[in-house]
Amino acid sequence: MAEPTPAAPPEVDASRRRLITEAAGIVVSAVGFGFVYGLAARDAGFSPVEALAMSTLAFGGAAQFAAVGYVAGGLAWPGVVLLTALLNGRHLLYSAALAPWIRDRPFVERAAAAHLLTDESFALTMAHFRRLGRADMWGYWVAGIGATFIPWNIATLAGVMVGGSIPDPDQFGIDVIFPAAMIGLAVGLISGRREVVAAISGAAIGVVVALIAGPPIGIIAGGLIGPAIGLLVPAGAAAEPGDGPPAPPEPPGTGR
């Protein structure tokens, strides 16, 4: 007879419940935004299989929207790949922030986590990890699979299959659901001076560049330059709690 799974400590249960509550809002926004992506993919000439394949294999949110726009505009595939890769450059920063928390996990598990890494799963996971002071992969899978991957793909299929009957989805305000949800999560992640500087700098740079060169370039510029500016804040002045998991205790007799 198998041993029963030990109950999670109370603080873990509490943080998981909060994660589920936060994830519920992301599910709603993922459904709305994924549906709009399905509409855009249909308008760009994607078949249901092609649209769903991109949502499953690429799973890039904003990059998927950019890709279907480039395809609709006739851009060659090498250009589509290059520009969407640049748009997703911010994920390098996300992965660097997550690395100290999950470095001890098996390679295959970390590879699967990398595929599910999005703005939303990162925001939900980092808030959860910081509350606990350690990694909890249960929370990561809830954020990456339950809150984003599954609802996004279901909504993609729905959008590309039934989108022809909706002449103008923007009239319902669907296009603002996801950004509004992400703003709420982002505010919760700002816990130190570095993050404040990065958020303000990234937003300002993104808006200015977007007005000059277009929204996709603005997102790339704000997402890459903002965090770089935030890192210029001295570590001592930043006084940021929870930047990584607590260091392991020193063995007895080695204290200074």
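At what distance in nm do the modelled label points of A228 and A58 sit from each other, each positioned 7 Å from its Cα along Cα→Cβ?
My value for the distance between the label points is 2.5 nm.
Per-residue counts of other Cβ atoms within 10 Å, averaged by peptide: what ranking do you get for 105-111, 39-45, highest first? Can you show the working numbers first?
On the way: 105-111: 11.1, 39-45: 18.7.
The packing order, highest mean first, is 39-45, 105-111.
Show me, for segment 121-126, the HN-Hα J-couplings you get by feeding each phi into the Karplus relation (A = 6.51, B = -1.76, C = 1.60, θ = phi - 60°), rounded to Hz, glycine and proline as x.
Those phi angles translate into 5, 5, 4, 5, 5, 5 Hz.
Enter the accessible area per residue of segment 41-161 (Å², integer; probe 1.4 Å; all protein chains in place).
45 Å²
Determine the gain in length on full extension of the stretch D13-V108; use 0.36 nm per residue of separation and subtract their C-alpha separation, reporting nm with one decimal. Display every interim value, and only then the final one.
Details: separation 95, 0.36 × 95 = 34.20 nm, distance 2.65 nm.
Stretched fully, the D13-V108 segment lengthens by 31.6 nm.
Where does each of 64-71, 129-136 land if you order them by average Cβ count within 10 Å, highest first?
The peptides rank, most packed first, as 64-71, 129-136.
Counting only other residues whose beta carbon sits under 15 Å from that of R18, what net charge do I get with K and R as +1, D and E as -1? Mind dumping the intermediate values first?
On the way: positive: R16, R17, R130, R131; negative: E11, D13, E22, D136.
Neighbour charge sum, excluding R18 itself: 0.
Of the listed peptides 25-37, 91-103, what is their order by residue-averaged count of other C-beta atoms within 10 Å, with the highest listed first?
25-37, 91-103
Taking R0 as 30 Å, what's the FRET efficiency between I200 and S95 from their Cβ-Cβ distance, rounded to 0.05?
Calculated transfer efficiency: 0.80.
How large, in Å, is segment 22-132 by the Kirkwood hydrodynamic radius built from its alpha-carbon pairs?
Roughly 15.4 Å, rounded to one decimal.
Along the Cα-to-C-beta direction of E50, a point sits 7 Å from the Cα; which residues of segment 143-162 have their amide N less than 16 Å from that point?
Only 157, 160-161 fall inside the zone, counting backbone N under 16 Å.
The values are calculated or read from the model by the stated rules, or taken from the named source; none is laboratory data. All of these numbers come straight from a predicted model, not from anything done at the bench. Because the Cβ atoms are built from the backbone with ideal geometry, glycine has one as well, and the counts that use them run over all protein chains shown. Just the protein is used for accessible areas: all its heavy atoms, side chains included, with ligands, DNA and RNA removed. Shrake-Rupley method; radii C 1.70, N 1.55, O 1.52, S 1.80 Å.
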